[in-house]
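All remarks here apply to the structure that follows.
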Amino acid sequence: MSKLITNIKQLTQIRDKDISFISAKKMDKLPSISDAYLLIENGVINDFGKMSEIPNFGNIETINAKDKIVLPAWCDSHSHSVHTGNRSDEYMQRIKGASYQQIAENGGGILKSSSQINAVSTDDLYTESKNRILSLIKQGTGSLEIKSGYGLNYESELKMLEVISRLKNSLPIEIKSTFLGAHAIPKNYKKDDYLKLVIDKMLPDFIDKKLVDFVDIFCEENYFSVDDTKLLCNKAYELGVASKIHTNQFNSIGGIKAGVECGALSVDHLEVINQDDIWALKQSKTMPVLLPGCSFFLGIDYANARNLLNNGIPFAIASDFNPGSCPTGNMNFIISLACNKLKITSEQAINAATLNGAYAMGVSKKTGSISKGKLANLLITEKIDSIDDLPYYFGENLIEKVLIRGEEIN
Ligand code: NIG
Ligand code: FE
């Protein structure tokens, strides 16, 4: 199956296929061709170049992208998009002054989502999650990492991971599965006993069942410590699974350094960082993943993206879609927020939401840039003046067409 896109005003984020992420220094550029074409063969980017040099491809299906920009689909490397129900009641409690931590201490928060997951059937969870993700795909998400972490017991963590596995098989986008059993301490458990269950039983069993691409832990005061993080991530590493860690959301307790030492693929949140954290990230291959939607919704600090860039540290941005701290997975909005609140340019935000996002979920060999041989996971914008229009019109979705493996999503 061949498909041609012609008259593209700007074909953007063109990279050599072997580049796995964009360094801090290069994040302010989006290599582009103006007045371009792009050829898709069997779901893969086969060729692209200037319209003035377009070969004769014969009579093939053609999309005319005159006045429109074409770029890679969003790579959302941090989400909890498998969940059921919502926590809008807690949202109102927070509006009235309660904090996220106070709500959690009173049995709400992650534990509330956990009781909802315990009560739902696998089939219902699958259907609800699939519909939620289909709407993300229509908004431009072409790769999505999804975490467990609301089960908090063997059966329900397994339920979540099985749902993610079914989603991988039924949806056309790239999906990666992260086991986040160590998300919170379930009621009636001592932390060490629960962590032992996660490390000694759940982790090896779920890896054996081929349900785990990555492992995650919430490294934070009142949740899991730096030592807990090292125990889990080192065990996962021994079993051949890399980690992606929730850390530095409210306090800097050493989770970043622990993550880097365990060879973590990413360290996520980073609303609160100090100089030791910066030192740990410099020279490491661990990608920081910033989640501005969470800061927006909880009203907490935004990550200091400019500080990372000034220190030569690249980053990805992701949605953190979840019912407690960011009930949207709309990456168009996340990109607007990133520009506005992290004080970064459209180019930096798009690099963070495409190739660097792909790296942070282990799919950058397949997607995240316009490269020959990568998947034709593409966004075609409406008629716009420049790439800056995307974040500028916040709350709008200026994506006219989404192509996943070359197929248009309706
Ligand atoms: O990334 N911080 C920990 N976990 C999620 C929120 C989970 C929840 O509140 O349901 C996060 O923000
Ligand atoms: Fe999260």
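Amide H to amide H under 5 Å from residue 289: which residues, 5+ apart in sequence or cross-chain, H placed 1.01 Å off N in plane?
267, 268, 269, 316
Using θ = phi - 60° and the Karplus relation 6.51 cos²θ - 1.76 cosθ + 1.60, list the HN-Hα couplings for the stretch 118-134 in order, rounded to whole Hz, with x at every Gly or Pro.
With coefficients 6.51, -1.76 and 1.60, one gets 4, 8, 8, 7, 4, 5, 5, 5, 4, 5, 4, 5, 4, 4, 4, 6, 4 Hz.
Taking the Cα centre of the stretch 75-360 as origin, sum charge times position over the Cβ atoms of Lys and Arg (+1) and Asp and Glu (-1), and report the length of that vector in debye to the nearest 20.
For this selection, approximately 420 debye.
Quick one: if you stick a label point 7 Å off each Cα along the C-beta vector at residue 34 and residue 52, how many nm between them?
1.2 nm
Give the long-range amide H neighbours of residue 48: residues separated by 5 or more places, or on another chain, with amide H under 5 Å away, using H modelled in the peptide plane at 1.01 Å from N.
For residue 48, whose amide H was placed from the backbone, the distant partners under 5 Å are 39.
What's log10 of I(q)/I(0) for the stretch 273-410 at q = 0.17, 0.18, 0.21 Å⁻¹, Debye sum over Cα points only, no solvent?
-1.01, -1.12, -1.41
So for the pair residue 105, residue 64, with labels modelled 7 Å out along Cα→Cβ, what separation do we get in nm?
6.4 nm
Over the chain, with every protein chain in place, what whole percent of the accessible area is carbon and sulfur at 1.4 Å, could you tell me? Please report the intermediate quantities before stating the final value.
On the way: 7530 of 16270 Å².
That fraction is 46 percent.
Would you mind telling me which residue in 41, 271, 238 has the biggest mean-square fluctuation in a Gaussian network model of the chain, where springs connect alpha carbons within a distance under 10 angstrom?
It is 238.
Report, to the nearest 10°, how far helix 331-342 tilts away from the longest principal axis of the Cα atoms in the chain, using its own Cα long axis and a range of 0 to 90°.
80 degrees
How much accessible area does residue 400 have with a 1.4 Å probe, in Å² rounded to the nearest 10?
My reading of the accessible area for residue 400 is about 90 Å².
Which shape class, rounded, prolate or oblate, goes with the stretch 1-135 when its Cα gyration tensor gives a ≥ b ≥ c as root eigenvalues, a/c under 1.5 marks rounded, and past that a/b bigger than b/c marks prolate?
Prolate is the answer for the stretch 1-135, as a/c is 1.5 or above and a/b outweighs b/c.
I need the shape label for the stretch 252-331. Rule: rounded when a/c is under 1.5, else prolate if a/b > b/c, else oblate, with a, b, c from the alpha carbon gyration tensor.
Because a/c hits 1.5 or more and a/b exceeds b/c, the stretch 252-331 counts as prolate.
Between beta-carbons, use under 15 Å as the cut-off and find the net charge around residue 323, counting Lys and Arg +1, Asp and Glu -1. Could the numbers behind the result be given before it?
Working: positive: 87, 94, 112, 132, 147; negative: 89, 90, 128, 320.
With Lys, Arg at +1 and Asp, Glu at -1, the net is +1.
Of the DSSP beta bridges with both residues in the chain, give the percent that are antiparallel, rounding to the nearest 5.
45 percent
Calculate one ³J(HN,Hα) per residue across the stretch 278-287 by plugging θ = phi - 60° into the Karplus curve 6.51 cos²θ - 1.76 cosθ + 1.60, and present them in order as whole Hz with x for glycine and proline.
Coupling constants for the stretch 278-287: 4, 4, 5, 6, 4, 6, 8, 9, 7, 8 Hz.
When ligands, DNA and RNA are left out and all protein chains stay put, how many square angstrom of accessible area per residue does the stretch 160-246 have with a 1.4 Å probe?
In whole numbers, the stretch 160-246 has 43 Å² accessible per residue.
With θ set to phi - 60° and the Karplus curve 6.51 cos²θ - 1.76 cosθ + 1.60, what are the ³J(HN,Hα) couplings of the stretch 347-358 in order, to the nearest whole Hz, using x for Gly and Pro?
Karplus values, whole Hz, x for Gly and Pro: 4, 5, 5, 6, 4, 5, 9, 10, 5, 5, x, 4.
Can you give the three extents of the C-alpha atoms in the stretch 75-360 along their principal axes, from longest to shortest, in whole Å?
Projected onto its principal axes, the Cα set of the stretch 75-360 covers 46, 41, 39 Å.
Can you compute the label reach from residue 128? Point 7 Å from Cα along the Cβ direction, backbone N cut-off under 19 Å, restricted to the stretch 53-89.
79-89
In the neighborhood of residue 49, defined by Cβ-to-Cβ distances under 12 Å, what is the net charge if each Lys or Arg adds +1 and each Asp or Glu adds -1?
My count for the surroundings of residue 49 gives -1.
In the neighborhood of residue 103, defined by Cβ-to-Cβ distances under 14 Å, what is the net charge if each Lys or Arg adds +1 and each Asp or Glu adds -1?
+1
Go through the stretch 348-410 and name the chymotrypsin sites (Phe, Trp or Tyr not before Pro) that are in a DSSP coil and have 16 or fewer other Cβ atoms within 10 Å of their Cβ.
Those satisfying the criteria are 393, 394.
The values are calculated or read from the model by the stated rules, or taken from the named source; none is laboratory data. It should be emphasised that the depicted structure is a prediction, and the values quoted were computed from it without experimental measurement. Every residue, glycine among them, receives a Cβ derived from its backbone with ideal geometry; neighbour counts consider all protein chains shown. What goes into the accessible areas is simple: the full protein's heavy atoms, side chains included, and nothing from ligands, DNA or RNA. Shrake-Rupley method; radii C 1.70, N 1.55, O 1.52, S 1.80 Å.
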